[in-house]
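This report concerns only the one structure given below.
The values are calculated or read from the model by the stated rules, or taken from the named source; none is laboratory data. Remember, it's a predicted structure, so these values are computed and weren't measured experimentally. Glycine also receives a Cβ, built like all others from the backbone with ideal geometry; neighbour counts cover every protein chain displayed. In case anyone asks, the SASA skips ligands and DNA or RNA and just uses the protein heavy atoms, side chains included. Shrake-Rupley method; radii C 1.70, N 1.55, O 1.52, S 1.80 Å.
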There are 2 protein chains.
Amino acid sequence: MSRQDQKRNKVTLLDVAKHADVSRATASLVVRKSPLVGAETRERVEAAMRELGYVYNMGAARLRAERSHTIGVVVPNLTNPFFAELLGGMEASVDAAGLVMIIANSGDGPPRQAAVLQRLREHGVDGIILCPAAGTPDDLASKVSDWKLPVVQALRHVTDDIDYAGVDYAAGMEEAVEYLVSLGHQAICFAVHGPVHSAYHERVQGFRESMKRFSLKPDLVIRVPDRVDQIAKEADALFAQGRVPSAVICFNDLVAHGLAAGFYDRGLRIGRDISLIGFDDVADAEAMRPRLTSVSTSPSEIGHNAVALLLERIAQPSLPPRCWISATKLHIRDSCSPLSSS
Amino acid sequence: MSRQDQKRNKVTLLDVAKHADVSRATASLVVRKSPLVGAETRERVEAAMRELGYVYNMGAARLRAERSHTIGVVVPNLTNPFFAELLGGMEASVDAAGLVMIIANSGDGPPRQAAVLQRLREHGVDGIILCPAAGTPDDLASKVSDWKLPVVQALRHVTDDIDYAGVDYAAGMEEAVEYLVSLGHQAICFAVHGPVHSAYHERVQGFRESMKRFSLKPDLVIRVPDRVDQIAKEADALFAQGRVPSAVICFNDLVAHGLAAGFYDRGLRIGRDISLIGFDDVADAEAMRPRLTSVSTSPSEIGHNAVALLLERIAQPSLPPRCWISATKLHIRDSCSPLSSS
DNA sequence: CTGAAAGCGCTTACAG
DNA sequence: CTGAAAGCGCTTACAG
């Protein structure tokens, strides 16, 4: 019975309506779970859908209703565990809202970013969560507003005119510095890497300000390679500045991981000879030895926030731009120790 | 000029056609880069698109052309770095093919998997790459063929009737065992975790077979917790079986990472007191200390393969089902040492 | 609560 | 190479 109507998968709402002996409009109301339809009718239509193997055609619905139930997410990178956690958080929220997520990779470069943004527009997404690529031009906000497409920035921001879900990186740095100072450290170094963007600046400035607050030298900022397996080799750079740090704060856990390896190679014992603090507190921090003290930024929570902002923006496009800056939390484990009075 | 036509973003192909003084059909040909249109005409149309800020409406096109330029990817988990690398590989290939990727999370459970699969069908994806959830029912193949939707299995497989892009896990285990044997190890343990599926069975069987080939006890298979931070605490279980292993092969690098932490906590020196081999060879392996010897499965390459299979399947739906099993490669680093004759 | 009509923005034959 | 017409499968008012 049911199979014969189905050549080439073409069961349409009209077929369902006929089968259930109602009008197409009524069938449409049933699919969309409208309360206008009587229980008995609804049941009949639903039975018809089952029997015919009906599959809702979102594409057709979108064309008429101007809503695609699809959002776009563009990140600079897919393989970084931090972004993986971020995406995981987003996926959960997006799914709960009955939407679906198209993900795109900007490679952290403006040209590719422009291309994927265009592609997402063509696909008619209802909105976009964008972690702006390093070097994103200033006119992003005006472009986006021309598009009349709901957009929220995540993790990084290039304009105040667009919603932003991020983290108080500066406060996180402050927590880290404060903690190390409380342990007696003074020669504290900040090891950075990767592309430069708002989250980068906020961390560096947070570090400098905090150091100054404690009347400490704020300029021990050194740059390490991007890839974790190369950071280890560069750990020497930390000690080549004329002043030997007793503690180092890392741009993220990846840097911490690489540096930890480098220290190991040099026979330095973390948490004894040198103190180490990570940033982000991704899953590995707990599995490092000694366990890594790290400033937690809860990427999956940021993912939730970004989706929440986007959904509200979609519902009310004229809302004033909003910021959702979440707090960090220093997760103290075993990689720092009091400065031995030597 | 250009702004006024654009109230509510509604520049349509017809507007472009009028502006360029051609018919709608011709404009359509230009968007699709058909060679049928003369260079001069094409240029005029393209100029019109630019001036009006035209955005191609993929949704409308799909409705008529029955192609969405969208593929679905369903994975059991988003935050595992292994899947992150897999997705990264897929994204590159998908993007290069001019498509876009909807990603969905099955949570490694059949009910959610069924839901997301349904959702992807509703969104009219051109095909699906599925890493089947543990416990996926046997009728998957017949369901999928009812759907007439191109599908390829990745990493795991539940049927031979659907394309599959995977890895020769058994051969990988064999490499690992062989290497340890060559170092003189006999009491070799396999530490597994996570849900049970084809890739799990293949690894366990690969281990057992290889051990038997060398006339070694094949039943030192122990189970550790799923989360990396809990594995460390369970490292003792390795030594509670009456026989103390001198080497352990891990189900994946995550297990290796957790176990390494556990060994550290017990004062065991990896690569001296005990040998350790990981599986997958994700980025961290290089940053562990001692550096982790691991069986590389090249997840991003599998991602490429899966996309390639899917694109071919979409182009030729009647092709017989195919398998693309890629080889593993043992990446020897510093976590294993010869068994000291004691 | 239900029906008949129009239309979302494109592509597809089919004539010229 | 170009035009006019029909239609993809839905939803949206608008009447009943």
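Dipole check for the protein assembly as shown: with +1 at the C-beta of Lys and Arg, -1 at the C-beta of Asp and Glu, and the Cα centre as origin, the magnitude is about 1200 Debye.
Sorted from shortest to longest, the distances between the residue B:38 label points of this copy and the other copies are 6.4 nm, with each point 7 Å from Cα along the line through the beta carbon. Restricting the calculation to alpha carbons of chain B gives Rg and Dmax of 26.0, 90 angstrom. When chain A is described by a simple charge dipole with +1 on each Lys and Arg Cβ and -1 on each Asp and Glu Cβ, the residue from A:338, A:318, A:198 located farthest towards its positive end is A:318.
First compute the accessible area of the protein assembly as shown with a 1.4 Å probe, then give the percent of it belonging to carbon and sulfur atoms. Can you show the working numbers first?
Numbers: 15230 of 29410 Å².
It is 52 percent, rounded to a whole number.
Straight-line cross-link reach from residue A:18 at under 16 Å between alpha-carbon atoms covers these lysines, not counting any fewer than eight positions away in the same chain: A:10. Considering only B:300, B:28, B:142, the mean-square fluctuation computed in a Gaussian network model of chain B, springs between alpha carbons under 10 angstrom, is largest for B:28. With all protein chains in place and ligands, DNA and RNA left out, the 1.4 Å accessible area ranks B:264, B:164 as B:264, B:164, largest first. For segment B:28-77, applying the loop criterion from DSSP together with a ceiling of 16 other beta carbons within 10 Å to the GluC sites (Glu not before Pro) yields B:66.
The amide H of residue A:324, built 1.01 Å from its N in the peptide plane, has A:164, A:165, A:166 as neighbours under 5 Å, considering only residues 5 or more places off or on other chains.
Rounded if a/c is under 1.5, else prolate if a/b beats b/c, else oblate: with a ≥ b ≥ c from the C-alpha gyration tensor eigenvalues square-rooted, which is the protein assembly as shown?
Values: a/c = 2.20, a/b = 1.35, b/c = 1.62.
Oblate, because a/c is 1.5 or more while a/b does not exceed b/c.
Each of B:296, B:39, B:242 was placed along the dipole of chain B (beta-carbon charges, centred on the mean Cα), and the one lying farthest toward the positive end is B:39.
May I ask you to give the solvent-accessible area per residue for segment A:261-339, in square angstrom, as obtained with a 1.4 angstrom probe? Walk me through the numbers on the way to the answer.
Working: 3390 Å² over 79 residues.
Counting only protein heavy atoms, the per-residue value for segment A:261-339 is 43 Å².
Remark on residue A:334: its backbone amide H falls under 5 Å from those of A:291, A:292, A:293, a criterion applied only to residues 5 or more positions apart or on other chains, H modelled at 1.01 Å from N. Can you grab the distance from the C-alpha centre of segment B:56-86 to the C-alpha centre of segment A:157-209, Å, no decimals? Each part's Cα centre sits 36 Å from the other's. Axis between A and B by rotation; chain A residue with nearest Cβ and distance in whole Å recorded as A:84, 2.
Report, in deg cm²/dmol and to the nearest 500, the calculated mean residue ellipticity at 222 nm for chain B, where each DSSP H run with n ≥ 4 adds -39500 (n - 2.57) and the sum is divided by the residue count. Working shown, then result.
On the way: 12 runs with 139 residues, N = 342.
About -12500 deg cm²/dmol.
Comparing A:184, A:283, A:100 along the charge dipole axis of the protein assembly as shown, the residue lying farthest to the positive side is A:100, per the Cβ-charge model.
Comparing A:89, A:166, A:135 in a Gaussian network model of chain A, where Cα atoms under 10 Å apart are tied by springs, the biggest mean-square fluctuation is seen for A:135.
Among bridges DSSP assigns within the protein assembly as shown, what percent are antiparallel (round to 5)? Intermediate values should be presented prior to the final figure.
Numbers: 9 of 79 bridges.
Of the beta bridges lying entirely in the protein assembly as shown, close to 10 percent run antiparallel.
Residue B:232 sits among other residues whose Cβ lies under 11 Å from its own Cβ, and their net charge, with Lys and Arg +1 and Asp and Glu -1, is 0. Of the beta bridges in chain B, as assigned by DSSP with both residues counted there, near 10 percent are antiparallel. About its Cα centre, the dipole of segment B:169-298 is roughly 440 debye, where the only charges are +1 on Lys and Arg Cβ and -1 on Asp and Glu Cβ.
Please give the total accessible area that chains B and A bury against each other, computed with a 1.4 Å probe and expressed in Å² to the nearest 100.
On the way: alone 17130 and 17110 Å², together 29410 Å².
Using a 1.4 Å probe on protein heavy atoms, the buried area is about 4800 Å².
Note on residue A:37: accessible area is roughly 20 Å² with a 1.4 Å probe, heavy atoms of protein only. What separates the residue A:312 label point from its copies, with the point 7 Å along Cα to Cβ, is 5.0 nm, written shortest first.
To the nearest 20 debye, what is the magnitude of the charge dipole of chain A about its Cα centre, counting +1 on the Cβ of each Lys and Arg and -1 on the Cβ of each Asp and Glu? Kindly include the intermediate steps, with their values, before the conclusion.
Numbers: 38 positive and 41 negative charges, 162 e Å.
Taking the Cα centre of chain A as origin, the dipole is about 780 debye.
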